[in-house]
Every structure is written in C-alpha cells, then in structure tokens.
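The values are calculated or read from the model by the stated rules, or taken from the named source; none is laboratory data. All values reported here derive from a predicted model rather than from experimental measurement. Glycine gets a Cβ as well: all are built from the backbone with ideal geometry, and neighbour counts include every protein chain shown. The area values use the complete protein model at the heavy-atom level, side chains included, leaving out ligands, DNA and RNA. Shrake-Rupley method; radii C 1.70, N 1.55, O 1.52, S 1.80 Å.
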Amino acid sequence: MYRRIRDLREDRDLLQKDLAKILNCTQVCYSNYEMGKRDLPTEVLIQLARFYHTSTDYLLGLTDISTPYP
C-alpha cells in the first residue's frame, strides 16, 4: 500500500508537501504514511482514493485494477 501511494503521487509530479496540504497534515506525517511508519487512518485512505480517482482496494493492494468501482 505504501509503495502504491508514493507511486501515484510521483506519477502526477506531486511533492509530499502537496499531498500533506490536501490531507491537512504535515509533510512529515505524510512521509510517515508513505514509508509505512504510520498507519493510514480510514478517513485519509478514503481521501486519497477520491483524490486519485481510484478505489481503496487498489490503494490497499487488494486489486491491481486502478479504476474505481462503478
């Protein structure tokens, strides 16, 4: 999961501070999410899925299909 959120961010040429601002947290907090040092709260997981237009299952690594459910 942590690798996937980093890859999605990098694919869009965004910085960690950009995502931190969107999620209303610090860059250090967001960095800890990406490195797996801090668990993603459900609310943040949902925010990321909405931001990237994908499913939470994709972010969690339960599927390789990145499109959200219909």
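What is the chain's relative contact order, in percent, from Cα pairs under 8 angstrom and six or more apart in sequence? Don't jump to the answer; show the numbers that get you there.
On the way: 56 pairs, mean separation 19.0, N = 70.
That works out to 27 percent.
Under a crude label model (7 Å from the Cα following the beta-carbon direction), how far is residue 57 from residue 3 in nanometres?
Result: 2.1 nm between the two label points.
Can you give the calculated 222 nm mean residue ellipticity of the chain, where each DSSP H run of n ≥ 4 adds -39,500 (n - 2.57) and the sum is split over every residue, rounded to the nearest 500 deg cm²/dmol? Mind showing how you got there, number by number?
On the way: 5 runs with 43 residues, N = 70.
Per the formula, -17000 deg cm²/dmol.
Quick check for me: using +1 on Lys/Arg Cβ and -1 on Asp/Glu Cβ, what's the dipole size of the chain about its Cα centre, in debye to the nearest 20?
Working: 10 positive and 10 negative charges, 44 e Å.
My answer is approximately 220 debye.
If you stretched the chain out fully between residue 24 and residue 69, how much longer would it get, using 0.36 nm times the residue separation minus the C-alpha to C-alpha distance?
On the way: separation 45, 0.36 × 45 = 16.20 nm, distance 2.62 nm.
Gain in length upon complete extension: 13.6 nm.
With a cap of 15 neighbouring Cβ atoms within 10 Å, and only residues DSSP puts in a loop, list the trypsin sites (Lys or Arg not before Pro) found in the chain.
On the way: sites: 3, 4, 6, 9, 12, 17, 21, 37, 38, 50; in loops: 12, 37, 38.
Qualifying residues, ordered by number: 12, 37.
Can you work out the Karplus-derived ³J(HN,Hα) for every residue in region 9-16? Use 6.51 cos²θ - 1.76 cosθ + 1.60 with θ = phi - 60°, whole Hz, and x for glycine or proline.
In residue order, the calculated couplings are 5, 5, 4, 9, 6, 9, 9, 4 Hz.
With a 1.4 Å probe and all protein chains kept in place, how do 52, 69, 2 rank by accessible area, largest first?
Values: 52 10, 69 145, 2 60 Å².
From most exposed to least exposed: 69, 2, 52.
In the chain, if the dipole is taken from +1 on Lys/Arg beta carbons and -1 on Asp/Glu beta carbons about the Cα centre, which of 35, 68, 1 is farthest to the positive end?
My answer, from the dipole projection, is 35.
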